[in-house]
Every structure is written in structure tokens, then in C-alpha cells.
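Below is one structure; the comments refer to it alone.
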Amino acid sequence: MVVSLFLLTFDCDSEKWNNSIESFMDDPVFNDHNKDEFPPAHTAEHLLNQTMVRMFGCERSSNAHVERKKSKISYVLERKPDRKQEKEIERIMNQLIEDDLPVTFEMVDRDNLPDEVDASRLPEDASQTIRLVRIGDYDVCPCIGKHVRSTGQIGHFELLGTNWDEHKHLFRVRFKVVP
């Protein structure tokens, strides 16, 4: 006898049934996560990463300190953005928040990641099951952190300031979200 459950097929005549159904029913096992994010600021980090990628063709940041009171994120860029570009970052961020984009989660096998997800950024010991966070059609990336349900819950994005390191070509953005 064969039983189909949520498009998964299990062979009920073997011992595999008990092991398969138990592992299917259990929550996926993720890597440990030692951060206690402030969900509005953490979700804003996702939006800012994608905004920087789109505006400057850079990679997502690998150096972020996201906190309730203020956050800072660094990007490697070819040149320092001017004041007009800095204002545009803030404008885009607040437009995305106003658009109230849905924030959804999707579980995928790490061997079947969508093309827009950079698997090289995953830690070597990442679980086989990867949780993707999607923000509307604007951003998708692996993440096990806490997020708001929609961008409208972020509040207002305030760009507090920026710094430029000419030697490293490092652009640091300081921001906060205000409910």
C-alpha cells in the first residue's frame, strides 16, 4: 500500500514509513542563531542590501550591526556615493516600506536554491533545508532571523549618516527605523 501526503510518497510496507513520516513531521533543523534581532530593523537590512545591489551593483553586505536604537552596514563600492545618491537610498527605502510588501518564508533544499540566491554566501555547515525570506518581488535571501510580516510594519527609515574609507572602498551606512 502507498499513501501520498502533501505530494510526498511513502512506502507504508517498509520500516522507512516510521522514519520518513517522523522526519517529515519534525521541524527542519537549522543552524544555531545567536542574534536577537529587532525585526523591523532586521527586515530593513534586507531591503537596504537589495537597494544597494540594485543602485551600485555591489554584493550584499557581510558586515552588519543591526540593533533597535541604530544600525550600521558596510558595502564595498567602486566610488563614494554623492549626497544625491544617499538621499535616493533613503527615498527608496521609505517607498518600499510604504508599499507594504509582504514578507514571506519558503523552505527549500540547498541543492535547489533559486538562481537569484547566492549559495556561496551560505556557511559550510548550513543545514540541508534552507529558509528563504522573500520581500514581495523585491528581495529574496537565506535567513533564519526574525522579520516583520510586511514592510509597512518597519516604520520610517532614517539615514543617520555615512562614512567612506577610500583605502578599502568601504561605504558604511548608519540608520535607524522609527515606528
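The single residue among D109, D118, D99, D139 that is buried (at least 16 other Cβ atoms within 10 Å of the Cβ) and acidic (D, E) turns out to be D139.
Residue by residue, here is whether (1) open to solvent by 60 Å² or more (accessible area, probe 1.4 Å); (2) in contact with a strand residue (DSSP E or B) (Cβ under 7 Å, 6 or more places away or on another chain); (3) on the phi > 0 side of the Ramachandran plot; (4) not in a strand (DSSP E or B) holds:
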site: K80; (1), (2), (3), (4): yes, yes, no, yes
site: Q85; (1), (2), (3), (4): no, no, no, yes
site: M93; (1), (2), (3), (4): no, yes, no, yes
site: V103; (1), (2), (3), (4): no, yes, no, no
site: L132; (1), (2), (3), (4): no, yes, no, no
site: H147; (1), (2), (3), (4): no, yes, no, yes
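In the range 36-68, the residue that is most open to solvent (accessible area, probe 1.4 Å) out of those that are outside any helix (DSSP H, G or I) and out of contact with any helix residue (DSSP H, G or I) (no Cβ under 9 Å at 6 or more places or on another chain) is D36. Please tell me if H156 is without any contact (Cβ under 8 Å) to a residue 40 or more places away in the chain and either under 15 Å from the mean Cα position of the chain (by Cα) or open to solvent by 60 Å² or more (accessible area, probe 1.4 Å) (or both). No.
The values are calculated or read from the model by the stated rules, or taken from the named source; none is laboratory data. Worth saying up front: this structure is predicted, and the values here are computed from it rather than measured. Because the Cβ atoms are built from the backbone with ideal geometry, glycine has one as well, and the counts that use them run over all protein chains shown. Ligands, DNA and RNA are stripped out before the accessible areas are found, and what is left, the full protein with its side chains, is counted by its heavy atoms. Shrake-Rupley method; radii C 1.70, N 1.55, O 1.52, S 1.80 Å.
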